[in-house]
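The values are calculated or read from the model by the stated rules, or taken from the named source; none is laboratory data. Fair warning: this is a prediction, and the values are worked out from it, not measured in the lab. Glycine gets a Cβ as well: all are built from the backbone with ideal geometry, and neighbour counts include every protein chain shown. The protein model used for the area step is the full one, side chains on, heavy atoms only, and it has no ligands, DNA or RNA in it. Shrake-Rupley method; radii C 1.70, N 1.55, O 1.52, S 1.80 Å.
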Amino acid sequence: MVKFSVDKLPYFEKWIILGTLIGIAVGLFSIAFTILLEFFQLLFIHIILHVSYPKPLGEGGNLRIPPFHPSFLIPAIVGLGGLIAGIIIYRISPEAAGGGVDFAITVYHKLQGKMRKRVAFVELFTSTIILGSGGSAGDLGPMGLIGGSLASTIAQLFDLTPEDMRRAVAVGIGSGVGAIFKAPIGGALLSAEILYRRDLEPDVILPSMISSAIAYSIYGSYVGFQPMFGLYPFQFSPLRLPFYALLGVIIGLFSILFVKIYSTITLVFKKMKIRDEIKPAIGGVLVGLLILIFPEVMGTGYGWDNLLEFGVIPFSSLPCIFLLLVGLVKMLASSLTIGSGGSGGIEAPAFEIGAFIGASYGLIVHDLFPNIVPVIAPFVIIGMLTMFGAPAKAPLSVMVIITEMTSSLQLLPGEMIAIALAYVISGKYTLYPAQYPTRRDSPAHRSEYEVPIMENIRVNEVPFTELRINENEDVMNARKLMEEDGYFSLPVVNNEGNFVGAVFYKDIANKKGKVIEYTVRGIPYVTPSSNIENAWEIITRTKSRWVAVVEKGKLIGVITLDDLFSAYERELKKVHKD
């Protein structure tokens, strides 16, 4: 256990330290992820299969489609990668199965931010094996889970509170995304946005900015700081905004289809009566068969995204139909890879699906309006980011990520319109079932939004106690009534029964005269429609045993502490009985 208590530091100092440590850990693991991925790609794809596929410009790629020579070893190698990963996952850390980020979200909401230390290492190896052997998945999900796991480990070392452990996991998710996408600002926002379908976790944004910036700096020092998809060279035109709006509608509908395919295949594999270790191998073999026909679905697909951006389209007599078909096949291939229990992200496939659908749509509007749409690049990139942002329920993050991945603001207006429409159309359909609608719905915040029992009980539901004295009576009578009933004050009324104030025992001890001479005015009271929480607050604030109940200026009784306790106990019994 670490002796230095970070938890006792002020909020900002604490999270500067923790954010820095998380950022360093995530940055180093991002480099390790890239090294391992390149090693497995070299081993499986290049040495064994003699296959190559395009890489994005930001990773040293070019704008040429490499030749593809189908080999019937491809299904075997992709299946072997799934088998190796499946054995490691289900024998060491089943948490690493699936898309990665979804489990990290579950840890945030339900497990108080606690994750086993081994998760990061298992996810690191299994996801790079699956991607390196040609599996159709991505790197964002694994790095999100790795970041969340590393952050959870650091939080546990410092013995942080459950609240801070959860916060650390969210920071780790954002750092992993910010590093691997070279999008530190978008990653920081994503850490707050990806936990919910229509809400944010604002407390994690500041520490995520620190952590994501450090992770990005460390990772970029190894791979370079060039934007992932190069520099976007084309100019914005407001005349294309209606086309972007229609693209948002189209992507919104396709995102629903994607979620349904992914969830259905995941459910099918869960119901299979075979060993879990074998399921990723079955998914891998099926994906390998798809790759023989559609090599575009192999791996993350980032290279194809970049080629489409610059108008480099695989040859086809019917390019619009072919591009759309590839997008649909990618939905199936990625769902088989990840839904079978393999380790990989669902986010990169969403990018490629959106890129191909956007390219197909872009070709159509280009043919119809060549002067307004001279190139399809904006439709490829907007389609790509929208296809991720809508079913991930992260529209704000995507708007920032698009500027960081292209190093340009030219696409921002179009993306804002497209993602807004797609987000609304996609509705409840999400790639992350662990997301909760809002903070109010999350178990992590349930206690903050629970309505206390006393707030549910109205004052008029509690029997009143008759306690009062007329302002014209002698103080001797007031003293006698207090001594007999054990009160230190009494509510005072006038001849019409209107509430005037209160008289206190300490003010009339050994005194003579009328009660009105010693009455303190401005005493707080409740009405019959108030709840007894209000009554309790007044009693504790005034240090009295009663609170006056007043309606239209007239005193209709008082509620005493005993009355409050009795009402609370009755309601508590009802709750327990229900």
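Values as computed for the structure displayed
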quantity: Full-stretch length increase - VAL249, LYS117 - with 0.36 nm per residue and alpha-carbon distance subtracted; calculated: 43.3 nm
quantity: Over the chain, relative contact order from alpha-carbon pairs under 8 Å, at least 6 apart, %; calculated: 16
quantity: Cβ-based charge dipole, the chain, positive-most Cα from TYR244, VAL177, LEU481; calculated: VAL177
quantity: Estimated [θ] at 222 nm from DSSP helical runs (n ≥ 4, -39500 (n - 2.57)) normalised by residues in the chain, nearest 500; calculated: -18500 deg cm²/dmol
quantity: Vicinal HN-Hα couplings computed from phi for segment 193-208 (Karplus, 6.51 cos²θ - 1.76 cosθ + 1.60; Hz; Gly/Pro x); calculated: 8, 6, 6, 9, 7, 8, 7, 10, 10, x, 5, 8, 5, 4, x, 5
quantity: Sites LEU28 and THR264 - FRET efficiency at Förster radius 41 Å, r taken between beta-carbons, to 0.05; calculated: 0.60
quantity: Mean Cβ neighbour count within 10 Å, used as a protection proxy, ranking 488-495, 419-426, 24-31, 390-397 highest first; calculated: 390-397, 24-31, 419-426, 488-495
quantity: Inter-site label distance for LYS552 and LEU239 at 7 Å from Cα along Cβ, in nm; calculated: 7.2
quantity: Most to least packed among 218-224, 568-574 [average Cβ atoms within 10 Å]; calculated: 218-224, 568-574
quantity: Order by protection proxy (mean Cβ within 10 Å, highest first), peptides 181-192, 107-118; calculated: 181-192, 107-118
quantity: Inter-site label distance for LYS8 and GLU455 at 7 Å from Cα along Cβ, in nm; calculated: 3.4
quantity: Gained length - LYS573 relative to THR161, 0.36 nm times residue gap less alpha-carbon distance; calculated: 145.1 nm
quantity: Cα-centre dipole for the chain with unit charges at Cβ (Lys and Arg positive, Asp and Glu negative), debye to 20; calculated: 740
quantity: Per-residue SASA entry for THR560, accessible area with 1.4 Å probe, Å² rounded to 10; calculated: 10
quantity: Read-out Rg and Dmax of the Cα atoms in Å, derived from the coordinates shown; its label in [x] 32.2, 110; [y] 58.2, 196; [z] 25.0, 97; calculated: [x]
quantity: Area accessible to solvent at THR337, 1.4 Å probe radius, in Å²; calculated: 10
quantity: Cα-centre dipole for segment 453-576 with unit charges at Cβ (Lys and Arg positive, Asp and Glu negative), debye to 20; calculated: 240
quantity: For VAL462, net neighbour charge (Lys/Arg +1, Asp/Glu -1) across residues whose Cβ lies under 13 Å away; calculated: -4
